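Structure first, commentary second.
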Amino acid sequence: MKAKVIVIFGGVYSSLGKGIIASSIARILTEFGNKVSMLKFDPYLNVDPGTLSPLQHGEVFVTQDGGETDLDLGSYERFLGRKITKLSTVTSGRVFQEVIERERAGGYNGKTVQVIPHITNNVKSKITGIIDAENPDFLIIEVGGTVGDIESVPFVEALGQFRGEYGRNDVLYILCSPLIKLATSGELKTKPTQHAVREIGNMGIVPAMMVLRTDVVVDKNTIDKISMLCHIPVENVFISSDLPSIYYLPTELYKQNIHTQLYKYFGLTLNKKQTLTKWNRYISRIKKIKHHIKIAIVGKYIDLHDSYASLIESLRLASWEHDRHVSIEWVNSDGLEKHVNLKHIFRGCHGILVPGGFGGRGADGKVLAIKYARENNIPFLGICLGMQTATIEFARNVMGWTDANSAEFDPKSEYKLFNYIDGRMRLGEQGCSIVNKNSLAYKLYKTDLIFERHRHRFEFFNSYIPEFEKHGFLFSSFSNDKEKTVEIAEIPSHPFFIGVQFHPEFNSWPGKPDPVFDGFISAALNHERKKKHSLIKR
């Protein structure tokens with residue numbers, strides 16, 4: 001079957017949840033036995049989000065092949081339940097860079113290089129490229145930003161051209177737009193959505209379907225009105241309401257028969273075996289959960305929770321496997337100092353997690369939080385920079401190396417435990433060998449070779465290993481290459497204390513959380529039970 005292409009645009013304003021809508025449609029089609037590929041067009045002129053501040057753009061999601069990408073690709077993977085590659089991400093910056101580099105190399109034979117056809121041809125080549133490489137049944141394309149943004153015009157133009165060239169019956173346009181409720185009158189306003197339809201229509205894009213974002217119940221009259229004024233059949237207008245969990249959306253769209261209308265548009269036949277039974281079973285299990293587990297995340301980007309999007313989802317997915325919802329206590333590492341009452345800050349927390357990051361700001365606060373977790377036997381998980389600061393904390397407070405640090409934070413330190421070793425950033429999925437079968441790492445993974453994703457520059461200086469292990473610190477995993485850099489560090493005498501150099505949050509999917517998160521939540525539950533037992537004895 002020729003790949004069917006679904007393109008999702010956003011109208012009126014950004015942050016509508018287009019990525020979750022695209023992912024939910026992908027989940028439905030995947031449940032039906034289809035192979036689904038995803039592609040994100042981001043209009044910004046950065047080549048990739050790798051140098052963008054997490055506080056501005058959210059987390060940088062890392063693909064298995066080392067792509068630094070938008071956080072929506074994390075949603076794609078979690079809903080698809082499989083790994084994707086950097087073929088699934090395209091920015092305006094990358095498109096323009098490739099065209100300019102080709103022009104500088106004489107690739108256009110002296111022709112005047114213009115947005116049409118050169119930029120638009122490059123965009124279309126990304127679509128055909130992923131279709132050729134992955135041979136999907138469906139390709140879902142999400143166009144970032146908002147209809148009318150000047151940066152997205154080349155993408156919109158290219159997608160208009162693509163439908164005419166690829167096949168009008170093989171490309172479906174969906175517009176995602178908000179229904180805005182006036183606080184004064186409580187009236188739902190449809191005019192912004194009408195304007196969005198006209199705006200995109202002026203650019204040659206005629207949506208065949210619409211998904212309306214709202215936080216209120218939408219009556220039939222409103223849907224009929226939008227259908228009539230936007231020239232979209234009423235059966236092709238769908239509602240994406242605010243839900244307790246993003247994972248409920250595939251079920252909600254399925255209930256509205258979005259799958260029926262998709263198959264009808266493409267002239268495909270639905271059979272009775274194509275259902276959402278497996279996904280609905282997973283969701284119904286989540287809905288029955290009544291109890292919570294409380295985890296503290298100690299980071300420096302907490303003002304924008306999207307900075308830790310995959311981390312949050314990994315905690316949720318792991319907690320659900322233990323019949324718990326996770327409650328997150330956000331702790332700003334910048335605000336942690338020696339005079340701060342850590343007992344008060346971490347009161348009621350059953351585990352402490354220190355995530356990754358770059359730069360020295362907030363590092364000393366992370367060290368204090370780790371010291372508190374270590375000394376009070378609270379389950380601890382350190383990821384990337386969290387693993388590094390855990391090592392620094394142990395050196396300072398157990399080994400007496402008060403000057404211990406990373407070369408990233410203090411190049412003049414006597415004990416530079418972490419150094420910028422080979423002048424490159426380690427990116428993407430790499431093998432890690434677990435060398436000690438009595439370790440916590442082996443207990444969690446149950447194998448001696450694992451594959452996890454990396455994004456870091458500084459690595460542990462292996463000459464310090466013997467001294468650390470004399471004091472009860474264990475390095476249980478190393479990179480599966482000639483460098484043999486440290487991947488996992490732990491404290492065997494602690495109930496659960498582990499730091500990982502990689503990013504396990506990029507490997508958690510519904511029903512299959514990464515083993516590190518599964519073990520962390522299990523340890524947090526044990527800690528909770530011990531605290532309750534201690535209170536009962538008193």
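The values are calculated or read from the model by the stated rules, or taken from the named source; none is laboratory data. Quantities reported herein were computed from a predicted structural model and do not represent experimental measurements. As a convention, Cβ positions derive from the backbone with ideal geometry for all residues, glycine included, and neighbour counts pool all protein chains shown. To get the accessible areas, we keep the full protein, side chains included, count just its heavy atoms, and leave off ligands, DNA and RNA. Shrake-Rupley method; radii C 1.70, N 1.55, O 1.52, S 1.80 Å.
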*Going by accessible area, probe 1.4 Å, with all protein chains left in place, what is the ranking of 457, 374, largest first?*
457, 374
_So, for the chain, what is the accessible surface per residue at a probe of 1.4 Å, expressed in square angstrom?_
43
*Could you calculate the FRET efficiency of residue 132 with residue 402 from 1/(1 + (r/R0)^6), where r is the beta carbon distance between them and R0 is 51 Å, rounded to 0.05?*
0.30
_Value of relative contact order over segment 382-538, rounded to a whole percent, pairs C-alpha under 8 Å and six or more apart_ = 22
*By how many degrees, between 0 and 90 and to the nearest 10, does the Cα long axis of helix 18-31 differ from the longest principal axis of the chain?*
90
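Among DSSP beta bridges lying fully in the chain, give the percent that are antiparallel, nearest 5.
In the chain, approximately 35 percent of DSSP beta bridges are antiparallel ones.
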*Using Cα pairs closer than 8 Å and at least 6 residues apart in sequence, work out the relative contact order for the chain, in percent.*
14
_Burial ranking of peptide ranges 210-221, 145-156, 104-115 (average Cβ count within 10 Å, highest at the top)_ = 145-156, 210-221, 104-115
_Cα-centred dipole magnitude for the chain, charges only on beta-carbon of K, R (+1) and D, E (-1), debye, nearest 20_ = 1820
*What lysines could a cross-link reach from residue 338, if we take a straight Cα to Cα line under 30 Å and drop same-chain neighbours fewer than 8 places away?*
294, 300, 366, 371, 412, 416, 470, 530, 531, 532
*Per-selection Kirkwood Rh - the chain (Cα, Å, 1 d.p.)*: 25.1
*asked:* With a 1.4 Å probe and all protein chains kept in place, how much accessible area does residue 375 have, in Å² rounded to the nearest 10?
replied: 100
*If you plug each phi of segment 180-187 into the Karplus form 6.51 cos²θ - 1.76 cosθ + 1.60 with θ = phi - 60°, what whole-Hz ³J(HN,Hα) values come out, in order, with x for Gly and Pro?*
9, 9, 6, 5, 6, 10, x, 7
*Divide, for segment 446-538, the radius of gyration over alpha carbons by 2.2 N^0.38 Å, where N is the residue count.*
1.31
*Along the charge dipole of the chain, Cβ charges K/R +1 and D/E -1, which of 188, 204, 127 sits furthest on the positive end?*
188
*If you line up the long axis of helix 309-321 against the longest principal axis of the chain, both from Cα atoms, how many degrees apart are they, to the nearest 10?*
80
*Do you know the relative contact order of segment 360-409, to the nearest whole percent, from alpha carbon pairs under 8 angstrom that are 6+ apart?*
34
*asked:* Please compute the alpha carbon radius of gyration of segment 92-142, then divide it by the globular-protein estimate 2.2 N^0.38 Å. Two decimals is fine.
replied: 1.32
*Hey, can you rank 302-312, 286-296 by average C-beta count inside 10 Å, highest first?*
302-312, 286-296
*Quick one: angle between helix 515-537 and the longest Cα principal axis of the chain, in degrees between 0 and 90, rounded to 10, please.*
60
*What fraction of the DSSP beta bridges in segment 1-155 is antiparallel, stated in percent and rounded to the nearest 5?*
10
*Tell me, what % of the accessible area of the chain is carbon and sulfur with a 1.4 angstrom probe?*
50
_Leading residue at positive end of dipole, the chain (Cβ point charges), from 322, 359, 29_ = 322
